[in-house]
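Report on the structure given below.
The values are calculated or read from the model by the stated rules, or taken from the named source; none is laboratory data. Not measured: the values here are computed from a predicted model. Cβ coordinates were reconstructed from backbone atoms using ideal geometry, including for glycine residues, and neighbour counts include every protein chain displayed. The protein model used for the area step is the full one, side chains on, heavy atoms only, and it has no ligands, DNA or RNA in it. Shrake-Rupley method; radii C 1.70, N 1.55, O 1.52, S 1.80 Å.
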Amino acid sequence: MAEYSEDSSGNPNFNPDQKDFVGEDGLPDVNAGLSLNLRVKNWDASAFFTGQFGFSVYNNTANAFLNRPTFETTRNVDPRGLEVNVSQEVSTLYLEKGDFVRLQNANIGYNVPLSGEGALKSLRLSLTGQNLFLITDYSGLDPEVSSNTGDFGTGIPSASIDYTAFPRPRTVTLGINAKF
């Protein structure tokens, strides 16, 4: 990635030919999971948390949408008033830590007590949620990205490059299980 630097006078010094490996690997150093189960009388509950730690994500979506030159002016200036060249070159500005903890799955259920004399032998009500929350400092939608755009459409995933990757949806399901 080309890095932004300054010369001895504090002026921007951007060399697009200087490319160095920076940040952490795109694959996590640690994958973690925690499963919790609880049963009390006719109630039961479970939760499954996942997490990944020690990896970087390149937020190419932010680079593409936030780093666009404006058409109203031909000059672009940084906060100090110095003129800079705005481009969509790969930059460490969009490299972020991807560590996260996600509530992957949660379930609560109730087994309705029945006398067993009627046609209904058992009845269970449940509520299940998936991807209920995500704790991360990553500024994009989801640090657990995989896009098929890294090789220009041939279908090989580009892990840890966030470019138009669709985040995992949050779903909630109500279930009824009846035995006759």
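For F100, indicate whether it is exposed (fewer than 13 other Cβ atoms within 10 Å of the Cβ) and either modelled with pLDDT under 85 or of a type in the set (A, V, I, L, M, F, W, C) (or both). Here the answer is no, as F100 does not meet what is asked. Of all residues in segment 114-170, those satisfying the criterion of being open to solvent by less than 80 Å² (accessible area, probe 1.4 Å), modelled with pLDDT under 85 and under 10 Å from the mean Cα position of the chain (by Cα) are V145, S146, S160, D162, A165, P167. Looking across segment 29-39, the residues that are of a type outside the set (S, T, N, Q), more than 14 Å from I135 (Cβ to Cβ) and open to solvent by 80 Å² or more (accessible area, probe 1.4 Å) come down to D29, L36, L38, R39.
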